[in-house]
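Let me begin by presenting the structure, written as structure tokens, before commenting on it.
The values are calculated or read from the model by the stated rules, or taken from the named source; none is laboratory data. Keep in mind that what you see is a predicted model, and the values were worked out from it rather than measured. For neighbour counting, all protein chains shown are included, and Cβ atoms are generated from backbone atoms with ideal geometry for every residue, glycine included.
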Amino acid sequence: MTMQRRTFLRMSAAGATGVGLSLLGAGQALAAVGPLDTAPTTPFAVGVRRYDWTRGSRRCTTYVYYPATGTPGGNPVT
């Protein structure tokens, strides 16, 4: 007795779904519930760069912030 192609595809899809669910898990991911860390209370130096990218008539202005050396609140470097 031969298996029809459509039946074979359905069984393959059902098997792949079953294996995927068993590997990934079907339940909700559990996370530890606790207090959040507090924000830093001391100032620190931060650098910033502005990038203006364009593609045709589309503009995308992006700011990149990064840790910097120097004194917090000091004069910005241009």
- Message: Against the definition (within 31 Å of the chain's Cα centre (by Cα) and at pLDDT 85 or above), how does V64 come out, yes or no?
- Response: yes
- Item | Filter result for the condition that a residue is modelled with pLDDT under 75, outside any helix (DSSP H, G or I) and in contact with a strand residue (DSSP E or B) (Cβ under 9 Å, 6 or more places away or on another chain), over P72, P76 | P76
